[in-house]
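The values are calculated or read from the model by the stated rules, or taken from the named source; none is laboratory data. None of the values given here were measured: they were computed from a predicted structure. Every residue, glycine as well, gets a Cβ built from its backbone with ideal geometry; the counts of neighbours run over all protein chains shown. Remember, those area values only see protein heavy atoms, side chains included, never the ligands or the DNA or RNA. Shrake-Rupley method; radii C 1.70, N 1.55, O 1.52, S 1.80 Å.
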Amino acid sequence: ITILDDLAHQLDSTRLTTGATSRLDAKYPLNLITDVIAFNPYDGWYTRSPSDWPATLDKLHSATPERSVGISEYGAGASVHQHEANPKKPKPSGRWHPEEWQATVHEAAYDAMKDRPWIWGTFLWNMFDFASDYRNEGDHAGINDKGLVTYDRKTKKDAFFFYKANWSKEPVIYLTDRRFTPRNVADVPVKIYSNCDSVEFKLDGKSYGTKTSGDHVFIWPVKLNTGRNELEAVGTKLGQIYTDRCTIVYDPAAPTSAP
């Protein structure tokens, strides 16, 4: 590896060399060869929990504060056909990969990374679900389902809209958990991703108030009514109104979705 690093500098002395590593030890000898280094932490998926992201990042930085740290992979698997109220960390190698947990992981990871200026770059894994022959997990064998979009490129998962709300200049307002229907749980917070200045939530035409948010995530505690529930998000941005709607069925007799 030192030979490759030397060769890269000989070919172009104006650019830094870097590498990606799953060894989360900033002082590990192989991690010190390149000019800068990027790590693949998976807090909340393969290791630890989403709440550990700040400590993981700070530990990597404090070990070698003179070097920049990159995040070359992070994320979690998700099936748009699997849903869980108040999701718990699933087994990555298992067949249960609820869409809600992926969003939880990305929210925590991005929140921890965005305010740490010594991180030179972050690269979420991955934009699209992709083939991975040896895997037998999630709702399809042979698929790595960490994408923000399904393998067929047709369905954008909830986490996709979290990043769109954070990064897009165009107005974004999106009701999450819209595929979680019917459901047999009534008391599930309603979560909306938006970059609007303020967002109002309505259930069957009744307003539950207007909120602002510093992280583009808006949450309301709500108890669904038995049967059809019409959810509406109303966002205001620079005086313009933007809306999103979906229908959720609450059926106490519906099968339990979680394993």
Original post:
Which members of region 131-148 meet the condition of being in a strand (DSSP E or B) and within 17 Å of the chain's Cα centre (by Cα)?
Top reply: Asn144
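In region 79-121, what residues are of a type in the set (A, V, I, L, M, F, W, C), outside any loop (DSSP other than H, G, I, E, B) and within 17 Å of the chain's Cα centre (by Cα)?
Going through region 79-121, the residues of a type in the set (A, V, I, L, M, F, W, C) turn out to be 80, 85, 96, 101, 103, 105, 108-109, 112-113, 118-120.
Subsequent filtering for residues that are outside any loop (DSSP other than H, G, I, E, B) retains 101, 103, 105, 108-109, 112-113, 119-120.
Matches in region 79-121: Trp101, Ala103, Val105, Ala108, Ala109, Ala112, Met113.
Filter region 68-78 down to the residues that are over 30 Å from Ala254 (Cβ atoms), assigned to a loop (DSSP other than H, G, I, E, B) and modelled with pLDDT of 95 or more and list them by number.
Kept after step one, since they are over 30 Å from Ala254 (Cβ atoms), are these residues of region 68-78: 68-74.
In the following step, the residues that additionally are assigned to a loop (DSSP other than H, G, I, E, B) were identified as 68, 72-74.
Correct list: Ser72, Glu73, Tyr74.
Return a yes/no flag: does region 160-175 have any residue that is assigned to a strand (DSSP E or B), touching a Cys at 6+ places or on another chain (Cβ under 8 Å) and at pLDDT 95 or above. Steps first, please.
Restricting attention to region 160-175, the residues satisfying the condition of being assigned to a strand (DSSP E or B) are 173-175.
From what's left, touching a Cys at 6+ places or on another chain (Cβ under 8 Å): 173, 175.
If we keep only those that are at pLDDT 95 or above too, we end up with 173, 175.
Yes, because at least one residue in region 160-175 is assigned to a strand (DSSP E or B), touching a Cys at 6+ places or on another chain (Cβ under 8 Å) and at pLDDT 95 or above.
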**OP:** Just give me the residues in region 73-131 being open to solvent by 40 Å² or more (accessible area, probe 1.4 Å) and more than 26 Å from Phe218 (Cα to Cα), in sequence order.
**Re:** Glu73, Lys91, Ser93, Arg95, Trp96, Trp118, Trp120, Phe130, Ala131
**OP:** Sort out which residues of region 21-52 are closer than 21 Å to Ala108 by Cβ, surrounded by fewer than 16 Cβ atoms within 10 Å (Cβ to Cβ) and not charged (D, E, K, R), and write them in order of number.
**Re:** Ser22, Tyr46, Thr47, Ser49, Ser51
**OP:** Can you tell me which residue among Thr104, Thr122 is under 22 Å from Thr150 (Cα atoms) and in contact with a strand residue (DSSP E or B) (Cβ under 8 Å, 6 or more places away or on another chain)?
**Re:** Thr122
**OP:** Quick one: Ser62 ticks every box in (1) more than 20 Å from the chain's Cα centre (by Cα); (2) of a type in the set (Ser, Thr, Tyr); (3) surrounded by 14 or more Cβ atoms within 10 Å (Cβ to Cβ); (4) closer than 22 Å to Asp115 by Cα except a single one, so which number is it?
**Re:** (3)
Original post:
What pairs can you find where one residue is in region 83-106 and touching a residue at least 40 places away in the same chain (Cβ under 8 Å), the other is of a type in the set (Gly, Ala, Ser) and part of a helix (DSSP H, G or I), and their Cβ atoms are less than 7 Å apart, with a gap of 6+ or different chains?
Top reply: Gln102/Ala159; Ala103/Ala159; His106/Ala159
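Of all strands (runs of 3 or more DSSP E) completely enclosed by region 213-256, which ones contain at least 2 residues that are out of contact with any helix residue (DSSP H, G or I) (no Cβ under 7 Å at 6 or more places or on another chain) and under 17 Å from His83 (Cα atoms)?
240-250
Anything in region 209-228 that is without any contact (Cβ under 8 Å) to a residue 12 or more places away in the chain and open to solvent by 70 Å² or more (accessible area, probe 1.4 Å)? List them, or say none.
We begin by selecting, within region 209-228, every residue without any contact (Cβ under 8 Å) to a residue 12 or more places away in the chain; these are 209, 214.
Gly214 - this is the single residue of region 209-228 that is without any contact (Cβ under 8 Å) to a residue 12 or more places away in the chain and open to solvent by 70 Å² or more (accessible area, probe 1.4 Å).
Any idea which residue in region 231-245 is farthest from Thr176 (Cα to Cα), counting only those that are in contact with a strand residue (DSSP E or B) (Cβ under 6 Å, 6 or more places away or on another chain) and open to solvent by 50 Å² or more (accessible area, probe 1.4 Å)? It would help to see each step written out before you state the result.
Just the residues of region 231-245 that are in contact with a strand residue (DSSP E or B) (Cβ under 6 Å, 6 or more places away or on another chain), to begin with: 231-236, 242-245.
Still in the list and also open to solvent by 50 Å² or more (accessible area, probe 1.4 Å): 242-243, 245.
Numbers: Tyr242: 16, Thr243: 13, Arg245: 10 Å.
Per the criteria, the residue is Tyr242.
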Subject >> Residues (farther than 12 Å from Ala233 by Cβ and not in a loop (DSSP other than H, G, I, E, B)) located in region 176-207 >> reply: Arg183, Asp187, Lys206
Original post:
Restricting attention to region 194-201, does a residue exist that is open to solvent by less than 50 Å² (accessible area, probe 1.4 Å), modelled with pLDDT of 95 or more, out of contact with any Ser or Thr (no Cβ under 6 Å at 6 or more places or on another chain) and of a type in the set (S, T, N, Q)?
Top reply: yes
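Tell me yes or no: at least one residue of region 181-189 is charged (D, E, K, R) and either surrounded by 15 or more Cβ atoms within 10 Å (Cβ to Cβ) or touching a Leu at 6+ places or on another chain (Cβ under 9 Å) (or both).
Of the residues in region 181-189, the ones charged (D, E, K, R) are 183, 187.
Okay, now just the ones that are also either surrounded by 15 or more Cβ atoms within 10 Å (Cβ to Cβ) or touching a Leu at 6+ places or on another chain (Cβ under 9 Å) (or both), so 183, 187.
Taking every residue of region 181-189 in turn, at least one turns out to be charged (D, E, K, R) and either surrounded by 15 or more Cβ atoms within 10 Å (Cβ to Cβ) or touching a Leu at 6+ places or on another chain (Cβ under 9 Å) (or both).
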